[in-house]
């Protein structure tokens with residue numbers, strides 16, 4: 001269900017927390033966060049990238065996200081259009 005209200009500050013905080021400590025995604029008793037919890041494609045892409053990188057057991061950081069998106073041109077374009085690197089630096 002889409003809402004007309006989106007708290008972008010809260011979304012940035014959630015993404016920043018997951019970026020800084022992706023292991024919280026493992027604690028499904030306390031935190032249940034999914035890509036579908038985000039309304040905007042940009043936030044879905046950022047969160048989904050972090051989640052998928054973490055699933056592989058790799059270190060989650062901005063460079064890993066850039067590398068991950070390099071193989072996904074459509075998502076990479078949205079990431080770049082929304083100044084994704086700057087966004088992640090602010091979120092972290």
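Bear in mind that the values in this text are calculations on the coordinates, not laboratory data. This is a predicted model, so every value here is computed, not measured. Cβ placement follows ideal geometry from the backbone for every residue including glycine, while neighbour counts extend to all protein chains displayed.
In table form, for the structure just shown:
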read-out	value
Selection count, region 52-81, where residues are buried (at least 16 other Cβ atoms within 10 Å of the Cβ) and closer than 20 Å to residue 9 by Cα	2
Residues located in region 34-92, provided they are within 22 Å of residue 5 (Cα to Cα), in contact with a helix residue (DSSP H, G or I) (Cβ under 7 Å, 6 or more places away or on another chain) and not in a helix (DSSP H, G or I)	38, 82
